[in-house]
1. Under a Cβ-Cβ cut-off of 13 Å, what is the net charge of the residues other than Leu16 that fall near it, where Lys and Arg count +1 and Asp and Glu count -1?
2. Under the definition of Cα pairs under 8 Å and six or more residues apart, what whole-number percent is the relative contact order of the chain?
3. Residues with beta-carbon under 13 Å from that of Ala446, excluding Ala446: net charge, scoring Lys, Arg +1 and Asp, Glu -1?
4. Return the whole-Å distance between the Cα centroid of segment 399-449 and the Cα centroid of segment 484-543.
5. Among all helices in the chain defined by DSSP H, which have a length of 20 Å or more along the axis from Cα atoms plus a Kyte-Doolittle mean of at least 0.0?
6. Dipole magnitude of the chain about its Cα centre, charges +1 at Lys/Arg Cβ and -1 at Asp/Glu Cβ only, in debye to the nearest 20?
7. Taking loop as defined by DSSP and a crowding limit of 15 other beta carbons within 10 Å, which chymotrypsin sites (Phe, Trp or Tyr not before Pro) in segment 295-361 fit?
8. Filter the cross-link list Lys456/Lys488; Lys457/Lys486; Lys48/Lys486; Lys255/Lys486; Lys255/Lys594 down to pairs whose alpha-carbon distance in this structure exceeds 22 Å.
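Just so it is clear, none of the values below were taken in a lab; they were calculated from the coordinates. Keep in mind that this is a model prediction, so the values were computed, not measured. With ideal geometry, Cβ positions are generated from the backbone for all residues, glycine too; neighbour counts draw on all protein chains shown.
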Amino acid sequence: MCGIVGYIGKRDVAPLLLEGLQRLEYRGYDSAGIVITSPKASGLKMVKAKGRVRDLEAKVPKRFAGTTGIAHTRWATHGAPSDENAHPHLDAEGKVAVVHNGIIDNATELRAKLVADGVEFLSETDTEVLVHLVARSQAVTLEEKVREALRHVEGTYGVAVMHADFSDRIVVARNGSPVVLGIGEKEMFVASDIAALVSHTRQIVTLEDGEMATLKADDFRTYTTEGSRTTATPTTVEWEAESYDMGGHDTYMHKEISEQADAVDRVLRGRIDDRFSTVHLGGLNLDAREARGIRRVKILGCGTSYHAGMIGAQLIEELARIPADAEPASEFRYRNPVVDPDTLYVAVSQSGETYDVLAAVQELKRKGARVLGVVNVVGSAIAREADGGMYVHAGPEVCVVSTKCFTNTVVAFALLALHLGRIRDLSVSDGKRLIEGLRKLPAQIAEILKTEDEIKKIAEEYAGAQSMMFIGRVRGYPVALEASLKLKEISYIHAEAYPASELKHGPLALIEPALPTVAIVPDDELLEKNRAALEEIKARSGRILAVAHREQEKADHTIVVPKNETELDPILMGIPLQLLAYHTALAMGRDIDKPRNLAKSVTVE
Ligand code: F6R
């Protein structure tokens, strides 16, 4: 999704902004641009390019000096990827420059009015209306001009504005699209993602929706879009700049898969309470009496986070005996759901910025519901909007497709389920059993990762498949869903996921030698039923890859994973399938970290 980075200070701005854009590349984009100035310069200098940041860098002239600038990576929504549609956008006089993330819903209407007034548009973007509105404003200060322009705009924005007549400042505003300020020594940064800031400063301020800020080299102030001052309390980012580097791996996806043993160790750290065989989750803001009053749990998330939520719902239902289910947040928010005061709502999001999840949270809050967030990015919009919650502490996830965050989110749900369970009817001995299981996870993950070469060989065999089927039963079904999503996202092989119990009700018709099936076959109470499904597939000459706790004789290949407590098995069974997707995509020569059409955090509808 689009990325913004900006700087004002004393340093040469262009290399700084280009480096910032590179750090945002992982979000997915199709074009990039940069505009700069300096207190002594007579105007703005701009370069834009369709393609990669390196294409933009190649177009930047040798003499391109400046100390203030804003830059952008665009992910096309209005108008195809092109030099013209890339941001920044300038007004006719070349005095106002705007970069924008989000969508202006009433852009067509605004454009028609501006065109009727004689404004000539140079791009097809929704953003350009904002440039002309700022340029035409009669207000005296840049802040007022931007405020006046934003008053006409309906939709979402994270926006940064420069003006040649006000070269001592950058004005930024946020509504629905992240804007983070970075505080340096006599310099200020702005970005849509802390990834672009952490190599320069760890002191950040996250703007709230409806907030604006003026950045000058030696100070900044924040205020509402109505103009009243707000208090901005800087926070320190924990993540190191190095966590955004590839660290010797060929792709971020590989790096992040490999980090999972440490990541899981982090989500557990400091939370286990052996004395009471439970876990401490201080951030939930939910006391024991309130926890006992919960009658239902509803988990909301999108994509991979939704799948993690499905496993979370099963864990909560199984361990805490509270009816629980998960639903895509993108669906929930559009179906006028009944919001029940005794239901605990849990919003799951790696980025904490996914618009559909945020909108669902806001709708729930408006209706008086209690919402917890299970989020990776500290201080993100969903984390701030929720009444409480837990961070999953996976560390930064750069690859577009989620792996370590999925695993850590599921572990976080196991902690939540154990916590709720021990407040209700889960026995001390079951609490102890599960804690022991949780503690075993990092070592077991490391064991699974050692089987990578074997998984690679299997993946190379499946790389030519047109389509693949993934099946699992109960705890295995969300694992199958997530594994099929991973495969399609990065290899572009068509994949279907079904509950194994549903095979006979339709999808069995698809089974033939050319359609391999990946079956999740844990050693649990459903083992025999799962084996029967394998028989059915084999009887139709289907090829089978089983992920199981022991060799499956009906399968052509079995990836054996270590056994844990039955409730925790899904956490481990997904990991070899991340590697399967990875090596299948690699064998097919795909751009693994930047799959086509996808963006890391989907901050638009
Ligand atoms: C898939 C993937 C996406 C995200 C989804 C939600 O690999 O990463 O499906 O899970 O877009 O994103 P978050 O978790 O940031 O809300």
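1. -1
2. After rounding, I find 12 percent.
3. -3
4. Cα centres, segment 399-449 to segment 484-543: 26 Å.
5. 303-320, 404-423, 428-449, 476-491
6. Computed about the Cα centre, the dipole is about 500 debye.
7. Those that pass, being in a loop and sparsely packed, are Tyr334.
8. Lys48/Lys486
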